Each structure stands twice: as C-alpha cells, then as structure tokens.
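Here the structure comes first, spelled out in structure tokens, and everything after it is commentary.
Here, each number is a calculation from the coordinates, and none is a lab measurement. No experiment lies behind these values; they were computed from the predicted model shown. Note that we place each Cβ from the backbone using ideal geometry, even for glycine, and neighbour counts take in every protein chain shown.
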Amino acid sequence: MSTLIEIEAAAEALPPEQKKELVRFLTARLRPSDPQPRKARLVQEGDDVLLEAPPGAPPMTTENVKRMLEDWP
C-alpha cells in the first residue's frame, strides 16, 4: 500500500475489533508537537489530593476509562 487512499480503504475493510486495535496502535505512536512533555500533577484541595490531567488530555468519561483499562496489562 503506497497511498493514503489505499490505506484508508484497507482500514475501512477491517472488522470493528481490528479497527479499534489499529486506532490504539496509531495513537500510541503519535508524538506530541509540544517539545516539553505534559504531565499530570498532584493538586491539594482542602484535605484531598487530586490528580490533575495535563492540558489537552482527553476527558475522563466512562467510555474513555473503559478503553484505557482494556489496554492495561
């Protein structure tokens, strides 16, 4: 496959589970355009300590959390 059109057609022909795996594969290889790594940080609010996501992080919806847990070792 040498063109984006061919790659898109091949990806479209995949079954849903393989499409999900392809998306996970490609997402894992994307590099942030920001040269400084963005990291989560601990924030104290009253007696609680919370983990604050970095700017641009995906929202912690139920769907996103389930998807992350699928990839957990």
Before rounding to the nearest 500, sum -39500 (n - 2.57) across all DSSP H runs of length at least 4 in the chain and divide by the residue total; then give [θ] at 222 nm in deg cm²/dmol.
-> -13500 deg cm²/dmol
With label points set 7 Å from each Cα along the Cα-to-Cβ direction at R24 and N64, the distance between them in nm comes to 1.8 nm
How much length, in nm to one decimal, is gained on full extension between A13 and V49, taken as 0.36 nm per residue of separation minus their Cα-Cα distance?
-> 8.3 nm
Only one of the listed values, (i) -0.31, -0.90; (ii) -0.54, -1.13; (iii) -0.43, -0.84, was derived from the coordinates as log10 I(q)/I(0) by the Debye sum over Cα atoms at q = 0.12, 0.21 Å⁻¹; which label is it?
-> (ii)
